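Q: Before we start, here is the structure in question, set down as structure tokens.
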Amino acid sequence: MVFSSITFLYFFLPVVLVLYFITPNKFKNYILLIASLFFYFCGEPKYTLLLIASITINYFYGILIEKHRGAKIAKCAVVSSIIANLLLLVVFKYSNFLISNISYIFNIDIKFVKIALPIGISFYTFQAMSYVIDVYRGEVKAQKNVFNLALYISLFPQLIAGPIVRYKTINNELTHRNHSFDDFAYGVKRFVVGLAKKVLLANALGEIWKLAMYTEQPSVLFYWLGAVGFTLQIYFDFSAYSDMAIGLGRIFGFHFLENFNYPYISKSITEFWRRWHISLGTWFRDYLYIPLGGNKTTKCKWLRNIFIVWFCTGFWHGADWNFIIWGTGFGVILAAEKLFLLNFLKKVPPVFSHVYTLAIIIFSFVVFNSSNIADAAQYMKGMVGLLNIPVFSKEALYYLGSYKVLIILAALCSTPIPLHIAKRISKNCKLLPVVNYLEPIIYIALLIVVTGFLIDSSFNPFLYFRF
């Protein structure tokens, strides 16, 4: 079940909302927990037990660490909890990759059963790990109520594709949260905006990459059109899910932190990664980069820390070499920026640093979205004119004309400009009555239009469901 589906919008969510708000406060968590487990069961029935096992394991680790805080057994417990959580990822996400590479390197035929990737395992495993580590650090107390911890890990708004919510962020709200009309209204508006971004922009942009990949008239222009289309698609797809998750969380009284902050306006890759998938970046910073020593060490160890973090960032996204190269490639660029490139970028006109950043982002997402390294290399050769193809073709010009309005609109919406315009209009005293009248109509109209698209379109899950 996905947020952008008729089943979720008009069956699951209304039932959960009614049951939740008519239930007394002391039972609301149980309603949400049952709804969350059912939500996951609808998508992954056979792996729901894996989710419950993860919850149970980390619950007992938290209790054990709290009981023996400061003692050696607590340190052993946190280390073994990290191993246990990572072992779940290795078995269910990386076993096929590891076995196939071992077979290739040693030229042996290892027979293995391919394991399907459980949806959301990367997200809920990282949430569980952050909880246990924070208990060990003394930043939070262990959750004594297993149902409350289960709700934190399995809460359906962010269960499948984030953002990665820290336990300390919603610790108090698990037991004491307020519900207000303002929060409910904000949550609904945020959810509808995310839904529109997914259905009206991301889904349509996704068609451009497919056209470029399978065209019989390849050209430099067509390759660039596909790459730009996917770059915009992945932003609107993933940020749309985060918008909907944050909106749903607010409806139920939870305040999740932001996950995106207009990353495509960045003027360096360093800035880009402060704005893109913020919850993942801060997770690796707090639980890997800083414990390794961060930048408060020798230059060699500092560079080592950067490459370890970005190797892990790439590998977290997928069990394939293109993800590893994608992540470590960013590590190389970030190291170069920190050593000398940022000083250079500050001296050049902003337009050049912006073009530099966007070019790297676009090429990086070609690697990210390709089936393998060979396909990525072939596609990038086409982008820079190293294949025996024309600069443009009739087909490329046709699709450029067909999608130019969508691309321009998406590019504009990936900046803060629409938000600034909306804020200026809302602050105009003369226009305020009109805004108050039109705002609910606009959101209802958006929902109606999106519903129409969903009824008429094929199934299109979120891209980050793969990770």
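Q: Report yes if some residue within region 39-52 is among the charged types (D, E, K, R), open to solvent by 40 Å² or more (accessible area, probe 1.4 Å), closer than 14 Å to P118 by Cα and free of Cβ contacts under 8 Å to residues at least 12 places away in the same chain; otherwise report no.
A: Yes, region 39-52 has at least one match.
Q: Oh, and also: Within region 1-22, can you find the residues that are of a type in the set (V, I, T), modelled with pLDDT of 95 or more and either open to solvent by less than 40 Å² (accessible area, probe 1.4 Å) or touching a Gly at 6+ places or on another chain (Cβ under 6 Å) (or both)?
A: Of everything in region 1-22, just one residue is of a type in the set (V, I, T), modelled with pLDDT of 95 or more and either open to solvent by less than 40 Å² (accessible area, probe 1.4 Å) or touching a Gly at 6+ places or on another chain (Cβ under 6 Å) (or both), namely V16.
Q: Being within 30 Å of N29 (Cβ to Cβ) and either part of a helix (DSSP H, G or I) or open to solvent by 30 Å² or more (accessible area, probe 1.4 Å) (or both) is true for just one of L225, L232, L248. Which residue is that? Walk me through how you get there before you give the answer.
A: Details: L225 fails: within 30 Å of N29 (Cβ to Cβ); L232 fails: within 30 Å of N29 (Cβ to Cβ).
Going through L225, L232, L248 in turn, the sole match is L248.
Q: What's the number of the condition A71 fails, among (1) modelled with pLDDT under 95; (2) open to solvent by 50 Å² or more (accessible area, probe 1.4 Å)?
A: (2)
Q: Cβ-Cβ distance below 7 Å, separation of 6 or more or different chains: which pairs start in region 122-140 with a residue that is without any contact (Cβ under 8 Å) to a residue 40 or more places away in the chain and end on one that is of a type in the set (D, E, K, R) and open to solvent by 10 Å² or more (accessible area, probe 1.4 Å)?
A: If the second residue must be of a type in the set (D, E, K, R) and open to solvent by 10 Å² or more (accessible area, probe 1.4 Å), the pairs left are D134/K168; E139/K168; V140/K168.
Q: In addition: Quickly run through region 390-408 and pick out the residues that are charged (D, E, K, R) and open to solvent by 50 Å² or more (accessible area, probe 1.4 Å).
A: Initial filter on region 390-408 (charged (D, E, K, R)): 394-395, 404.
Answer for region 390-408, where residues must be charged (D, E, K, R) and open to solvent by 50 Å² or more (accessible area, probe 1.4 Å): K394, K404.
Q: I need the full set of residues from region 326-357 which are farther than 23 Å from T298 by Cα and within 19 Å of the chain's Cα centre (by Cα), in order please.
A: If the condition is that a residue be farther than 23 Å from T298 by Cα and within 19 Å of the chain's Cα centre (by Cα), then W326 is the only one that fits.
Q: Are there any helices (runs of 4 or more DSSP H) wholly within region 358-467 with 2 or more residues that are within 27 Å of L195 (Cβ to Cβ) and either among the aromatic types (F, W, Y) or at pLDDT below 90 (or both), and if so which? Lay out the reasoning, then the answer.
A: Details: elements: 373-383, 394-413, 417-427, 432-456.
Filter on region 358-467 gives 394-413, 417-427, 432-456.
Q: Any residue that is among the aromatic types (F, W, Y) and under 30 Å from K111 (Cβ atoms) - is there at least one of those in region 40-57?
A: The first filter runs over region 40-57 and keeps only residues among the aromatic types (F, W, Y), leaving 40-41, 47.
Checking which are under 30 Å from K111 (Cβ atoms) leaves us with 47.
Scanning region 40-57, I find at least one residue that is among the aromatic types (F, W, Y) and under 30 Å from K111 (Cβ atoms), so the answer is yes.
Q: Further question on the same structure: If K296 satisfies all but one of (1) assigned to a helix (DSSP H, G or I); (2) free of Cβ contacts under 8 Å to residues at least 24 places away in the same chain, what's the number of the condition it fails?
A: With (1) assigned to a helix (DSSP H, G or I); (2) free of Cβ contacts under 8 Å to residues at least 24 places away in the same chain applied to K296, the lone miss is (1).
Q: Answer with yes or no whether V348 is farther than 30 Å from E216 by Cα and either surrounded by fewer than 16 Cβ atoms within 10 Å (Cβ to Cβ) or of a type in the set (D, E, K, R) (or both).
A: On the way: farther than 30 Å from E216 by Cα: yes; either surrounded by fewer than 16 Cβ atoms within 10 Å (Cβ to Cβ) or of a type in the set (D, E, K, R) (or both): yes.
Taking the combined requirement at face value, the residue satisfies it.
The values are calculated or read from the model by the stated rules, or taken from the named source; none is laboratory data. Values in this document were obtained by computation on a predicted structure and should not be read as measured data. Glycine gets a Cβ as well: all are built from the backbone with ideal geometry, and neighbour counts include every protein chain shown. Quick note on the areas: whole protein, heavy atoms, side chains included, nothing else; ligands and nucleic acids left out. Shrake-Rupley method; radii C 1.70, N 1.55, O 1.52, S 1.80 Å.
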